[in-house]
1. Going Cα to Cα from LYS307, which aspartates and glutamates come in below 16 Å? Please leave out same-chain ones fewer than 8 positions away.
2. Under the rule that a partner needs its Cβ under 4.7 Å from the first Cβ, which Cys of the chain have none?
3. Determine the sum of side-chain charges near LYS220: Lys and Arg each +1, Asp and Glu each -1, restricted to other residues whose C-beta is under 14 angstrom from that of LYS220.
4. Mind checking segment 186-286 for chymotrypsin sites (Phe, Trp or Tyr not before Pro) that DSSP puts in a loop (not H, G, I, E or B) and that have at most 12 other Cβ atoms within 10 Å?
5. Give me the number: length gained by fully extending SER44 to ALA84, i.e. 0.36 nm times residue separation minus the C-alpha to C-alpha distance, one decimal in nm.
6. If I stretch the segment between GLU37 and GLU314 completely, what's the gain in nm (0.36 nm per residue apart, minus their alpha carbon distance), one decimal?
7. When ranked by the protection proxy of mean other Cβ atoms within 10 Å per residue, highest first, what sequence do the peptides 146-154, 32-40 form?
8. Full-extension gain between SER52 and ASP131, please, as 0.36 nm times their residue separation minus the C-alpha to C-alpha distance.
Amino acid sequence: MSDIIDVHTHYVPKGWPDLSDVAGTEAPWLRMESEREAMMMTGSTEFRRIQSDAWDPEVRLADMDADGVAAQVVSPTPVFFNYARTGREAAKIAAVFNDLALEIVEPAGDRMIPFCQVPLQDPDLACAELDRCLANGHRGVEIGNHVGDRDLDDEGVVTFLQHCAENDVPVFVHPWDMTGSPRLDRWMAKWLVGMPAESHLSILAMILGGTFDRVDERLKIAFAHGGGSFAFWLGRMENAWHRRNDIIGTSEFPPSHYLGRFYVDSVVFDERALRLLVDTIGRERVLVGSDYPYPLGERPVGEVVRKSDFLDEETRALITYGNAERFLGREGRR
């Protein structure tokens, strides 16, 4: 029986209109190399080779059936966020991808749940694009974990998150635009070190930067890749909050108080890491995610959750679908 809801997958359309009038010479585009393979491009730079599972609903549905996935959240690929552009440029690009996303998921019905992207650098335009997308059929939003040097405690980002809270819109936070240090150019270190660090930092910003203190508790927000290294270092943060409150005691409460305000996905690939997430973040705050269809994702989807002997069946059911139903507002659909 298909029982998994996968909250972390990405799409790339099979081409899109020329964006050079909006984005100039660095416009994103897709270089098709066959019916089943393409290269994602940013201007003249190759970014990532992809296959038809990025855009073909039939391929995605077949993979979902093979892995026992009942439904998947389909989110943008972060390279297309375009936060460094003007808000109006990013809004035009976001609208193109958001509309194409609906075409990808339409044949799948409720099995594919579209999340949109927004020009997060401009809170007014971000709220407007979110509202337009919700009216057209999107069910949530994916955002990057920072906008340039602005973290998730930035006033504009807080304004957008409050808008999401007031409208019961689930938010998925994905790390992106990792530090450009040449020390991270080897061994895919931007993905193996940079991404976990970025996710950790974004949760820290929401806690110590006071975002959770300012945003309505109705906000439903989830962080990719198990929340990065946050769960492992919560004790260190807690110790620092109490011992050096003069420096980091900017939140109303210590970091552990905010457990229960956010979700993390399960893409940690190891039973020991999953146990730490469940023990630290809480069994009602872990969601299955896969990072499908990219090579560093988990296949079969949810394998670690299904094989982890420390989980009882009630906890396993929460992680595989129950928590996601609550996060997505799908309670009672099974």
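What follows is calculated from the coordinates using simple rules that are stated; it is not laboratory data. Worth saying up front: this structure is predicted, and the values here are computed from it rather than measured. When we count neighbours, we look across all protein chains shown, and the Cβ atoms used for this are built from the backbone with ideal geometry, even at glycine.
1. Leaving aside aspartates and glutamates fewer than 8 places away in the same chain, those within reach of LYS307 are ASP3, ASP67, ASP270, GLU271, GLU298.
2. CYS127, CYS164
3. Every neighbour counted, the sum reads -3.
4. Sparse-neighbourhood loop chymotrypsin sites (Phe, Trp or Tyr not before Pro): TRP187.
5. 12.6 nm
6. Length gained, GLU37 through GLU314: 95.6 nm.
7. Peptide ranking by packing, descending: 146-154, 32-40.
8. 25.5 nm
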